[in-house]
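All remarks here apply to the structure that follows.
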Amino acid sequence: MVAQQVHPQYPSVAAARLGGTDFVFYHGIEDKMIWVLTIDSTKPSRVQRRQILDPNSDGMYEGTTGFRPLAASTWEAENEVYMYYVGINRRLREVYTRDKGATWRVGKVDGLRIEVLDGSGLCATSTPDAAVYIVNRLNHITEARYDSGSDDYYPLEHS
């Protein structure tokens, strides 16, 4: 068991599994930055902790207390792990890794410019193509689904 302290004002946690590795994303108690724990299921005592995002340099949205939702998914065909968060101007943002978390890149969902209202929740799924859902406080759902054929995301609205 790995114990990490999550920032009390930003309790959102997200997790995904790729192969035999678990990825757990959270806001660190000491700095509010987004961290990831990578846990090898064959060697659970081998845990790596890496900082992914610094809210001061990566433009995270401060929002209201408790509003820093996270979501995560994987795309096994490409050996990728995705993490979604809310950036400046309340825009949905995405980072992904292809090397088990050693490096993180900005994803394509940023180009959709989807606004995430205070109090919204995020959820991501791993289908044949990745998808992330935003549910706002009025129960309106926005979906951003990746299309591997066009190599881009497209938005869908659900009421």
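The values are calculated or read from the model by the stated rules, or taken from the named source; none is laboratory data. Here the structure is a predicted model, which means the values were calculated and not measured. Note: ideal-geometry Cβ built from the backbone for every residue, glycine included; neighbour counts use all protein chains shown.
Here is the figure for segment 10-26: residues that are closer than 19 Å to Leu122 by Cα, in contact (Cβ under 8 Å) with a residue 40 or more places away in the chain and part of a strand (DSSP E or B) total 8. Cβ-Cβ distances below 7 Å connect the following pairs, each with a first residue in segment 65-90 that is farther than 21 Å from Gly111 by Cβ, a second residue that is at pLDDT 90 or above and not in a strand (DSSP E or B), and a separation of six or more residues or different chains: Asn79/Arg98.
Quick grid of which residues meet (1) part of a strand (DSSP E or B); (2) aliphatic (A, V, I, L, M); (3) at positive phi:
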| position | (1), (2), (3) |
| --- | --- |
| Gly111 | no, no, no |
| Asp118 | no, no, no |
| Cys123 | yes, no, no |
| Val132 | yes, yes, no |
| Glu143 | yes, no, no |
| Gly149 | no, no, no |
| Leu156 | yes, yes, no |
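Sub-7 Å Cβ pairs linking a first residue in segment 106-124 that is in contact (Cβ under 8 Å) with a residue 40 or more places away in the chain and under 19 Å from Asn139 (Cβ atoms) to a second residue that is charged (D, E, K, R) and assigned to a helix (DSSP H, G or I), at least 6 apart or interchain, are Val116/Arg90, ordered by first then second residue.
Residue count for segment 113-140 satisfying the condition of being among the aliphatic types (A, V, I, L, M) and more than 16 Å from the chain's Cα centre (by Cα): 2.
Closer than 23 Å to Ala130 by Cα, crowded, with 17+ Cβ neighbours inside 10 Å and at pLDDT 80 or above, is that true of Val13?
no
Identify all residues within segment 101-146 that are modelled with pLDDT under 80, within 29 Å of Ile39 (Cα to Cα) and either charged (D, E, K, R) or surrounded by 12 or more Cβ atoms within 10 Å (Cβ to Cβ) (or both); write none if there are none.
Step one: list which residues in segment 101-146 are modelled with pLDDT under 80, which gives 127-130, 137-138.
With within 29 Å of Ile39 (Cα to Cα) added as a condition, the list becomes 127-130.
Listed by number, the residues that qualify are Asp129, Ala130.
Please verify whether segment 88-105 includes one or more residues that are among the charged types (D, E, K, R), within 18 Å of Gly28 (Cβ to Cβ) and assigned to a loop (DSSP other than H, G, I, E, B). Within segment 88-105, not a single residue is among the charged types (D, E, K, R), within 18 Å of Gly28 (Cβ to Cβ) and assigned to a loop (DSSP other than H, G, I, E, B).
Restricting to segment 59-90, name every residue that is surrounded by fewer than 17 Cβ atoms within 10 Å (Cβ to Cβ), of a type outside the set (Ser, Thr, Tyr) and modelled with pLDDT under 85. Selection gives Gly59, Glu62, Gly66, Glu76, Ala77, Glu78, Ile88, Asn89, Arg90.
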